[in-house]
């Protein structure tokens, strides 16, 4: 049986930490479906279409990876897609509390879907989409933390004013 994992997130924007987790997950799973949860209550910097396009471009060389979007319950989506697992990354103890609660609820909703946690690679332990957006908004250099396409899109979203000298 093919081992399929769902890697859910908002990916607003996708970071090199996300990509690292996908590539490491491919050592465990035959296929990974990177999926964006659509949440109309949440404000995003990038539209769903932009996020999907950036993910697809960033993962174009990964043959066993699919990019998709969904709404509703994650475990229902995973079951529809034939996945046995949800892949999640952990950076710190604070991540674990929330992720653990979600994993327990998902297990309660569907005992057939397992949650697999991978520790974030040390190189990316301090990064998150939120921190990267905030740094970019105030002119911080996020080069090397996101794929080149994402860096270009962030620069478009947050053009830096020229400061008089």
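The values are calculated or read from the model by the stated rules, or taken from the named source; none is laboratory data. In this text the structure is predicted, and so the values were computed from the model without any measurement. Every residue, glycine among them, receives a Cβ derived from its backbone with ideal geometry; neighbour counts consider all protein chains shown.
Tabulated data
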read-out	value
Verdict on residue 83 being crowded, with 18+ Cβ neighbours inside 10 Å, part of a loop (DSSP other than H, G, I, E, B) and in contact with a strand residue (DSSP E or B) (Cβ under 9 Å, 6 or more places away or on another chain)	yes
Among the residues listed as 109, 45, the single one being under 17 Å from the mean Cα position of the chain (by Cα) and modelled with pLDDT of 90 or more	45
Contacts under 7 angstrom Cβ, first residue in segment 85-113 being over 22 Å from residue 3 (Cα atoms), partner part of a strand (DSSP E or B), 6 or more apart	96/90
Tabulated pairs, segment 16-27, first more than 19 Å from residue 52 (Cβ to Cβ), second in a helix (DSSP H, G or I), C-beta under 7 angstrom, 6+ apart or interchain	20/124
Check on residue 97, on the phi < 0 side of the Ramachandran plot, surrounded by fewer than 13 Cβ atoms within 10 Å (Cβ to Cβ) and either touching a helix residue (DSSP H, G or I) at 6+ places or on another chain (Cβ under 6 Å) or in a loop (DSSP other than H, G, I, E, B) (or both)	no
Residue match in segment 144-157 (condition: surrounded by 16 or more Cβ atoms within 10 Å (Cβ to Cβ), free of Cβ contacts under 8 Å to residues at least 60 places away in the same chain and out of contact with any helix residue (DSSP H, G or I) (no Cβ under 7 Å at 6 or more places or on another chain))	yes
